[in-house]
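Engineer: The structure that follows is given in the form of structure tokens.
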Amino acid sequence: MRYIKPEPYYEGLPPFNVTGSPFNVVPIHNYPELMKDTCALINAEWPRSETARMRSLEASCDTLPCSLVLTTEGMCRVIAHLKLSPITSKKKACFVESVVVDKTYRGQGFGKLIMKFAEDYCRVVLDLKTIYLSTIDQDGFYERIGYEYCAPISMYGPRHCELPSLQNAKKKYMKKVL
């Protein structure tokens, strides 16, 4: 029998178990047994060495960075993942990256579900005010859930010079004030 840790309840957040459904949203560092499957899910979309991906997942913690995963009841399948990362120049903001939903579950509202939970987690647990992200081809999805276009932002601090590569980049930057 596998021991599953009870989740804390944060007032104002939907429970980690999504009410009336067989799904859970959990911080991956509390469930290390989900890391291999999460690594495979992310690498199916954006291939990278397993070692590098696992190190990134293992860095997840209660503050930032924090990787959240959407799983089925009983934690038997990883359906979606996203990572919340700090922005050094903006203490009350974070950057969402590596948002991915398993291909067999796309179009069923799971991207919206994990993003809503991440927003609540950021607002209530982390006391953040703004979420930033970048996307190449999913800006329509993010617009539908309340994100708006913004100037490019660096997770690593302010730039003191123009980067020509950003002028031709296909990435679109978006934000949501919580």
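The values are calculated or read from the model by the stated rules, or taken from the named source; none is laboratory data. It should be emphasised that the depicted structure is a prediction, and the values quoted were computed from it without experimental measurement. Quick reminder, even Gly has a Cβ in these numbers, built from the backbone with ideal geometry, and neighbours come from all protein chains shown. Remember, those area values only see protein heavy atoms, side chains included, never the ligands or the DNA or RNA. Shrake-Rupley method; radii C 1.70, N 1.55, O 1.52, S 1.80 Å.
Engineer: Can you give the charge dipole size of region 23-177 about its Cα centre, rounded to the nearest 20 debye, using +1 on the beta carbon of Lys and Arg and -1 on the beta carbon of Asp and Glu?
Structural biologist: Computed charge dipole of region 23-177: roughly 400 debye.
Engineer: Determine the share of region 76-124's accessible area contributed by carbon and sulfur atoms, expressed in whole percent, with a 1.4 angstrom probe.
Structural biologist: Here carbon and sulfur together make up 53 percent of the probe-accessible area.
Engineer: Then there's this: Of the cross-linked pairs K36/K90; K83/K103; K103/K129; K36/K172; K36/K176; K83/K129, which ones have a Cα-Cα span greater than 26 Å in the structure shown?
Structural biologist: Result: K36/K90; K103/K129; K36/K172; K36/K176 exceed 26 Å.
Engineer: Can I ask one more? Among T130, N30, M75, which residue has its Cα furthest toward the positive end of the charge dipole of region 23-177, with +1 on Lys/Arg Cβ and -1 on Asp/Glu Cβ?
Structural biologist: T130
Engineer: Let me ask something else about it. Express the relative contact order of region 23-177 as a whole percentage, based on alpha carbon pairs under 8 Å and six or more residues apart in sequence.
Structural biologist: Relative contact order here is 20 percent.
Engineer: Show me, for region 76-89, the HN-Hα J-couplings you get by feeding each phi into the Karplus relation (A = 6.51, B = -1.76, C = 1.60, θ = phi - 60°), rounded to Hz, glycine and proline as x.
Structural biologist: Residue by residue, region 76-89 yields 8, 8, 8, 9, 8, 8, 8, 10, 9, 10, x, 10, 4, 8 Hz.
Engineer: Mean shadow of region 24-171, computed from the convex hull of its alpha carbons, in nm²?
Structural biologist: One quarter of the hull surface, i.e. the mean projection, equals 9.3 nm².
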